[in-house]
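S.K.: Sharing a structure, written as structure tokens. Questions coming.
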Amino acid sequence: MEQRKILSARHTQSDALTAAAVRQRFGAYQPGLRSFDTEQVRGDHILNPDVKLPPGLRPAAVLVPIVDRTEGLTVLLTQRHENLNAHAGQISLPGGQVEPVDTDAVAAALRETREEIGLSADRAQVIGRLDTYITGTGFEIVPVVALLAPPLALAPDPSEVTDVFEVPLAFVVDRANHRRETRELKNGVRTFFVLPYENRYIWGATAGILVNLSEVLGR
């Protein structure tokens with residue numbers, strides 16, 4: 001059953017963005033790749049200079065799904081199950097660790113998305129990627145950007161995902177909605193991006209990746 005929780009946007013900065021414009025901007029974007037340009041690699045360490053890049057990074061990939069709806073582009077996000085071992089209850093992009101079965105990060109992002117929310121790969125048109133994002137927990141994430149064509153016919157895995165919802169791209173692109181907060185976590189005091197939207201608290205790696213998306217599309 002397709003999730004239709006599309007949240008109304010109060011900010012219209014990216015109203016002119018169309019699917020064609022998004023494709024064009026990613027066609028010209030050169031992402032920061034860890035192997036080639038460490039200056040552009042993003043991660044928890046950017047806002048926390050005392051945090052060093054952890055050794056032995058585990059490759060991972062997430063899908064950044066932009067839904068091409070007639071009423072406006074949206075970004076699809078998930079709410080992780082409270083019983084998961086990692087990042088329980090947090091808002092995230094669908095994805096996970098790259099497995100031996102995956103030919104590359106794109107394959108991993110599409111596979112994980114299918115497993116988590118039941119999205120068929122033929123509904124996702126991959127148009128590019130964002131900068132590599134490194135987490136303090138030791139993951140090297142490749143964010144794969146794709147346009148989704150409705151209807152999506154999603155079937156979330158209830159053991160992993162408690163909700164699937166969409167946030168207007170206009171909200172994500174508006175930099176006035178990007179906050180920085182500081183909090184004491186298990187690994188010390190950390191500063192991170194937050195995109196609070198209505199009753200949703202989008203933070204951490206997900207927020208950092210969406211800030212990168214905003215920089216590409218809001219130029």
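S.K.: Just checking, which of LEU110, LEU119, LEU147 is out of contact with any His (no Cβ under 8 Å at 6 or more places or on another chain) and touching a residue at least 60 places away in the same chain (Cβ under 8 Å)?
M.R.: Result of the check over LEU110, LEU119, LEU147: LEU147.
S.K.: Let me ask something else about it. Among the candidates THR191, THR206, THR182, which residue alone is within 24 Å of ILE127 (Cβ to Cβ) and touching a Ser or Thr at 6+ places or on another chain (Cβ under 8 Å)?
M.R.: When all the criteria are applied, what remains is THR206.
S.K.: Which residues, counting only those in the range 155-169, are more than 16 Å from the chain's Cα centre (by Cα) and either crowded, with 21+ Cβ neighbours inside 10 Å or within 26 Å of HIS45 (Cβ to Cβ) (or both)?
M.R.: Passing the criteria: none in range.
S.K.: Okay, moving on. Against the definition (closer than 20 Å to THR135 by Cβ and modelled with pLDDT of 95 or more), how does LEU148 come out, yes or no?
M.R.: Taking the combined requirement at face value, the residue does not satisfy it.
S.K.: List every residue pair whose Cβ atoms sit under 8 Å apart, with the two residues 6 or more apart in sequence or on different chains, where the first one lies in the range 29-50 and is modelled with pLDDT of 75 or more and in a loop (DSSP other than H, G, I, E, B) and the second, anywhere, is surrounded by 16 or more Cβ atoms within 10 Å (Cβ to Cβ) and among the aromatic types (Phe, Trp, Tyr).
M.R.: Correct list of pairs: VAL41/TYR133; ASP44/PHE192; LEU47/PHE192; LEU47/PHE193.
S.K.: Just one of THR137, THR103, THR113 is part of a loop (DSSP other than H, G, I, E, B), modelled with pLDDT of 95 or more and over 23 Å from GLN24 (Cα atoms); which is it?
M.R.: THR103
S.K.: Then there's this: Within the range 62-82, identify whether any single residue is at pLDDT below 95 and in contact with a helix residue (DSSP H, G or I) (Cβ under 6 Å, 6 or more places away or on another chain), and answer yes or no.
M.R.: no
The values are calculated or read from the model by the stated rules, or taken from the named source; none is laboratory data. In this text the structure is predicted, and so the values were computed from the model without any measurement. So basically every Cβ, Gly included, is an ideal-geometry build from the backbone, and we count neighbours across all protein chains shown.
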